[in-house]
Amino acid sequence: MRILIVEDEPDLLASLAQALREEGYAVDTADNGDDGLFNAEGTDYDAMVLDVMLPGMNGWEILRRLRQTKKTPVLMLTARDQTRDRVKGLDGGADDYVVKPFDLEEVFARLRAIIRRSTNQTTNLREIGNIQIDTAARVVSLHNRPVELTAREYSLVEFLALHRGEVVTRTQLYEHLFDENESSLSNLLDVHVSNVRKKLGAEFIVTRRGHGYCIE
Amino acid sequence: MIFKSIKWRLQLWYGVILVAVLAGFGVMAYQLERGRLWRQVDEDLHRRFAVLTSALHQAHGPENRHRNGHRPEPPPDGMPDDFPPPQDLPLEHFTLPPFAAGWFDTNQPNGFYYLILSPTGTRLAASPNAPAAPRGEVPPARNAPGQEPNNPRPPAPAWTQDGFREIANHTPSDETVVVGCAIEPQRRELKLTAVNLTVMGGLVLLVGLAGGWWLVGRALRPIAEISSTATKISAGDLSQRINTAEAESELGQLAAVLNSTFARLETAFAQQQQFAADAAHELRTPVSVLLTQTQTALTREREAASYRQTVEACQRAAQRMRKLIESLLELARFDAGQEILSRQPFDLARAAAECVELIRPLAEERRVKISTELAPLEITGDAGRLAQVITNLLTNAVQFNQPEGEVRLRLEARDGLAVLEVADTGRGIAPADLPHVFERFYRADPARTGAGNSGLGLSICKAIVEAHGGSIEAANGSGSGAGATFTLRLPVRN
């Protein structure tokens, strides 16, 4: 899962990015409105955390322009807590709304929720054969026993599971699992796929040569 | 309880005064009427008395004098049977002149009567309806012996006895002449007058009380309205105003004064609320930093360097909050008039030059040139506070400038004021923002929430300058390359 954070307070941006990375997300950041919109339009993010008051273009304007081309789930982050501000944000195309100051747990939960809704899921539990994926606890179980996965490995499993039955290209995987600072030329992806197969069984991820990967 | 109400108290006083006035008038009218009636009776008595004395004088004429002591003839006009035959009437030739014959109601016990007594008290003459003796006590003869006997004297003052009024006097020949009449009709008339006066007074009192009640109610109606409005306002609805239809009256003026007070109260309250909301809003971002930084750090064990970063970020957030709180307190002190300014004479030009030196490193970092044109000018005020203002303006001028830009600081005396101008070559201030730049938490760029910018700097400048009796204003310079210009005007002698 790849997330874009647009926030102008550097310390807040840094800690949010770090926290979300540690949650296993690939995180891109922007500290002003113009960069934020540029990034959001150029990449298919799984979710976006958007501050309202930004230098350059403000959050409402970014949202308005983004909605002309993308359906990226957006979590608005703002210091304004008036009802009319919330209504304005939700009506303007935001998927959810968090008022500063917030707890990280709540931001994580809301992000999971808007991602879940955007992929038409109703629960945090997915079952694929004898493998269970709990997207809230970020735990994968085989035969009801939790399997130790790294954050990146979990993200790979989660993303493929969310697109079950579809062939997911390597480009897509790179876009959603790695942030802009990681080189997509590395064979990191192959290493992760190989590790997941070792832990969950070789048949769990099917390789479609020349196309990508798939969970059937 | 009911007499605590102004309406009732006014009504009570009004009633008491009205009763007193009416009673006074009534008593006076009664007394006047009584006096008039008495005077009339006395006049009638005196007229008859005069006729009687002159008739008596004639009866004493030299041709009649010898007949004294003889039995008199019956009165010429006859005498009814129900009166006892007069006795001891020696004045045989005493007759009333014809024109006065009808003046004595001889056959009416309540009419006018006369009685003439000899010095020894025997009746010399009397009208048939006269009593046997004077009803009152006749004053003793007042003429000293030897006085001119033929000079008639006015009778003694009239007296009232047993429902009759009498006057009496002594003739020169020492007979006593008494004239009297019953005053029953006058008493009846007086009683009627008293009843009339009481009834009329009562009616006037009723009308007066009713009118007073109406007037008091009318006069107090604005008070009721003021009270009901004030009640609503005290219940929290500050938008209520008193209806001032009668703006000319004293209560209308009071209502207008109260309305303007309410308006100021509402504005102040709204400003206070806005200020509190803004202050809370400003604290949200640094608190968010604290929360996310600490929550992230605590999710797992970390290296020392990572903790250090977290602590540093928290420190920055805390510093920002401290600065905000200090600014808020500073403003609150100015608002409450508690900020104590020193009033020392100092050279504003030198203070400004020091500020420039303070800001020069920042300017050099941003490659902004500062040029000064400072005329020595001594003013009285708080040097430290005014330096704070100048530094703040210079910092803004440098920060919002463009690279290779310029800041011009100029100080001169103009119209008895010290005028200090800080002009930059930045982008200037958008016309829509110009009226608001000194408002608390107003930022032309809403995202400029860096640690150095609390949104209160210019508000504090304004508060300091105004506490010195000066003014500060912002404008955009004209011409190419001209940015914003802040002009500070301070009285030279404060």
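Taken together, the values in this text are just the output of simple stated rules run on the coordinates, not laboratory data. Given the structure is predicted, the values throughout are model-derived calculations rather than measurements. Don't worry about glycine lacking a Cβ; one is built from the backbone with ideal geometry, like all the others, and counts go over all protein chains shown.
So here's what we get for this one:
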{"quantity": "Global geometry of the range A:2-118, whether rounded, prolate or oblate, following the gyration tensor of its Cα atoms and the 1.5 cut on a/c", "calculated": "rounded"}
{"quantity": "Test item: A:99-107 mean partner chain Cβ contacts at 10 Å", "calculated": "5"}
{"quantity": "Check: the range A:116-216 dipole with +1 on Lys, Arg Cβ and -1 on Asp, Glu Cβ, in debye", "calculated": "260 debye"}
{"quantity": "Listed residues B:ASN401, A:ASN130, B:LEU18: farthest to the positive end of the dipole of the protein assembly as shown (Cβ charges)", "calculated": "A:ASN130"}
{"quantity": "Given 11 as the ceiling on other Cβ atoms within 10 Å, longest exposed-site-free region of chain B for GluC sites (Glu not before Pro) in DSSP loops", "calculated": "B:138-247"}
{"quantity": "Förster radius 56 Å - calculated FRET efficiency between B:LEU205 and B:SER234 (Cβ-Cβ, nearest 0.05)", "calculated": "0.85"}
{"quantity": "Estimated distance in nm for a label pair at A:ASN124 and B:GLU412, the labels positioned 7 Å out from Cα along Cα-to-Cβ", "calculated": "7.1 nm"}
{"quantity": "Paramagnetic reach from B:GLN274 in the range B:461-478 [backbone N under 17 Å; point 7 Å along Cα→Cβ]", "calculated": "B:462-463"}
{"quantity": "Cα coordinate range in the protein assembly as shown, projected on the principal axes (Å, largest first)", "calculated": "185, 79, 44"}
{"quantity": "Gained length - B:GLU378 relative to B:LYS323, 0.36 nm times residue gap less alpha-carbon distance", "calculated": "16.6 nm"}
{"quantity": "Ordering of A:127-138, A:5-16 by burial proxy (mean other Cβ atoms within 10 Å per residue, highest first)", "calculated": "A:5-16, A:127-138"}
{"quantity": "Among B:VAL422, B:THR193, B:GLY469 the positive-end extreme of the charge dipole of chain B (Cβ point charges)", "calculated": "B:VAL422"}
{"quantity": "Among beta bridges that DSSP assigns inside the range A:2-118, antiparallel share in %, nearest 5", "calculated": "0 percent"}
{"quantity": "For the protein assembly as shown, share of DSSP beta bridges that run antiparallel, in % to the nearest 5", "calculated": "70 percent"}
{"quantity": "Antiparallel bridges, percent of DSSP beta bridges restricted to chain A (to nearest 5)", "calculated": "50 percent"}
{"quantity": "The range A:34-190 - percent relative contact order, Cα under 8 Å, separation 6 or more", "calculated": "15 percent"}
{"quantity": "Peptide A:49-56 - average C-beta neighbours from other chains (10 Å radius)", "calculated": "3"}
{"quantity": "Where trypsin sites (Lys or Arg not before Pro) in DSSP loops with at most 12 other Cβ within 10 Å are excluded, longest remaining stretch of chain B", "calculated": "B:143-299"}
{"quantity": "About the Cα centre, charge dipole magnitude for the protein assembly as shown (Lys/Arg +1, Asp/Glu -1 at Cβ), debye", "calculated": "720 debye"}
{"quantity": "Percent RCO, i.e. relative contact order, over chain B, from Cα pairs under 8 Å lying at least 6 residues apart", "calculated": "9 percent"}
{"quantity": "Shielding by other protein chains, B:310-318, mean Cβ within 10 Å", "calculated": "2"}
{"quantity": "Structure-based [θ]222 nm, chain A - -39500 (n - 2.57) summed over DSSP H runs of at least 4, per residue, nearest 500", "calculated": "-12500 deg cm²/dmol"}
{"quantity": "Charge dipole (debye, nearest 20) of chain A; +1 at Cβ of Lys and Arg, -1 at Cβ of Asp and Glu", "calculated": "940 debye"}
{"quantity": "Dipole of chain B, positive direction: furthest Cα of B:LEU115, B:LEU265, B:THR485, with charges on the beta-carbon", "calculated": "B:THR485"}
{"quantity": "Environment charge of B:GLN274, counting only residues whose C-beta is closer than 13 Å and scoring Lys/Arg +1, Asp/Glu -1", "calculated": "-3"}
{"quantity": "Prolate/oblate/rounded label for chain A (Cα gyration tensor, a/c 1.5)", "calculated": "prolate"}
{"quantity": "Gyration tensor (Cα) of the range B:271-336, equivalent ellipsoid semi-axes in angstrom", "calculated": "32, 12, 5"}
{"quantity": "For chain B, calculated [θ]222 nm from helices alone, where every DSSP H run of n ≥ 4 adds -39500 (n - 2.57)", "calculated": "-17000 deg cm²/dmol"}
{"quantity": "Alpha-carbon centroid distance for the pair the range B:243-290 / the range A:136-214, whole angstrom", "calculated": "61 Å"}
